[in-house]
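Just so it is clear, none of the values below were taken in a lab; they were calculated from the coordinates. This structure is a prediction, so every number in the text was calculated from the model and none was measured. We place every Cβ from the backbone using ideal geometry, glycine too, and count neighbours over all the protein chains shown.
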Amino acid sequence: MNEDQFMKKLLLASAIALASATSAFAQAGTLPTAPGANSAVVAPPTAQQQTMIRDYWRRTPHAAVQMPNGVNVSTGDTLPDSVELRPLPNDMGMTEYRYIVVGQNLYLVNPANRRVVHVIQ
């Protein structure tokens, strides 16, 4: 077998392996999907959604959450299970998010992995 044939076979084998792995991940539900409550990946809210959330937050009082000692909150952080996540109202149509209020900030959280997606100030 010459070098060109070897490279073609190697490339084909790599493509098959990649396709198999992608299929397995898709069946396991670990590939990024459209935003939703069960998605592993949730996109940050649009500007319009941020405005809706900010308006909701301003007209409805929300008690701030006390974070466990040593836990800081910022975008990308995973919240401990002990922190209760609150749902946004159903009529807002943003079921892919939950939220917490800490200090003067509202943190949007992906409930599937408890990761902070966005901060609204």
Discussion item. At a 10 Å Cβ-Cβ cut-off, how would you order M67, M1, fewest neighbours first?
Written reply: M1, M67
Fill in: By average C-beta atoms within 10 angstrom, highest first, the peptides 76-84, 107-115
107-115, 76-84
Worksheet item: What number comes out for the charge environment of V42, summing +1 per Lys or Arg and -1 per Asp or Glu over other residues with Cβ under 12 Å away?
Response: +2
Practice prompt. Report the relative contact order of region 47-120, percent, no decimals, based on alpha-carbon pairs under 8 angstrom and at least 6 residues apart.
Written response: 30
